[in-house]
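One structure below.
The values are calculated or read from the model by the stated rules, or taken from the named source; none is laboratory data. Remember, it's a predicted structure, so these values are computed and weren't measured experimentally. All Cβ positions, even for glycine, are placed from backbone atoms using ideal geometry, and neighbour counts span all protein chains on display. All accessible areas refer to the heavy atoms of the entire protein, side chains included, with ligands and DNA or RNA removed. Shrake-Rupley method; radii C 1.70, N 1.55, O 1.52, S 1.80 Å.
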Amino acid sequence: MVSDTDHVPPGGKAGRPRSERARRAVLHAVDDLLVDVGYAAMTMKGIAERAGVGRQTVYRWWSTKAEILLEACLVDAEEELTTPPRPDAADDLLAYLTALTEFLTTSPAGLAYRALIGEAQHDPVVRDLVHQAGLLALSAHDVLRRVRSSAPNMPDECLCAAQLTGPVVTQILTTPEPLPERLLEAHVAALLRAWR
């Protein structure tokens, strides 16, 4: 989990320790503003005002609204995408994909992540932030590590994460409905066949 005072966000700056209260207020404010006004209309000034902190406080820890939004995503994703181990590899992967689907379709952090992916398509700074953070690879790491023993032909973890999450993310970004459970199950079965 994120440390209370000494965490430096992706792309952030070291310096005076953060006030945990102010940090949390900023992270909540960026989530709220994303829902209320959208990414394009969000400003650093608006984030500071919504959080009840000075703009200098915000700029001391983050350079851009994308950095704040990404940190909010990472903090929430760590909790929302962590699934307990299952005895069966297929059940383990399916539980993670179900959590990922829920995260991307119902969570404010998932909405924020989707906004950042959209912004990354035309802003190279945001693209680099999203790439460096590796939210999907990080979130898939534990479940992939757990199933590796029953899937000896799994490729490199980075490729595995892309293979695992790709269909879910593509479906959510390009259609109005997520993959139904029967297709998630079929995807997991196909992956395990290939990896075994």
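Some observations on this one:
- Here the relative contact order of the chain, from alpha carbon pairs under 8 Å that lie six or more residues apart, stands at 20 percent.
- Förster radius 25 Å - calculated FRET efficiency between Asp32 and Thr170 (Cβ-Cβ, nearest 0.05): 0.30
- Where only DSSP H runs of four or more residues are counted, the chain gives -22000 deg cm²/dmol as its mean residue ellipticity at 222 nm, each run worth -39500 (n - 2.57).
- Filtered trypsin sites (Lys or Arg not before Pro), segment 13-91: DSSP coil and at most 11 other beta carbons within 10 Å: none
- Taking the longest Cα principal axis of the chain as reference, the axis of helix 108-120 is set at about 90 degrees.
- Solvent-accessible surface (1.4 angstrom probe) belonging to Val125, in square angstrom, nearest 10: 90 Å²
- Signed unit charges on C-beta, dipole axis of segment 115-196, positive-most listed residue Leu135, His187, Thr175: His187
- Value of relative contact order over segment 41-110, rounded to a whole percent, pairs C-alpha under 8 Å and six or more apart: 25 percent
- The relative contact order of segment 121-196 comes to 33 percent, based on Cα pairs under 8 Å that sit 6 or more residues apart.
- Segment 72-106 and segment 134-190: distance between their alpha carbon centers, rounded to Å: 10 Å
- Segment 112-196: C-alpha gyration tensor shape, a/c 1.5 cut-off, then a/b vs b/c: oblate
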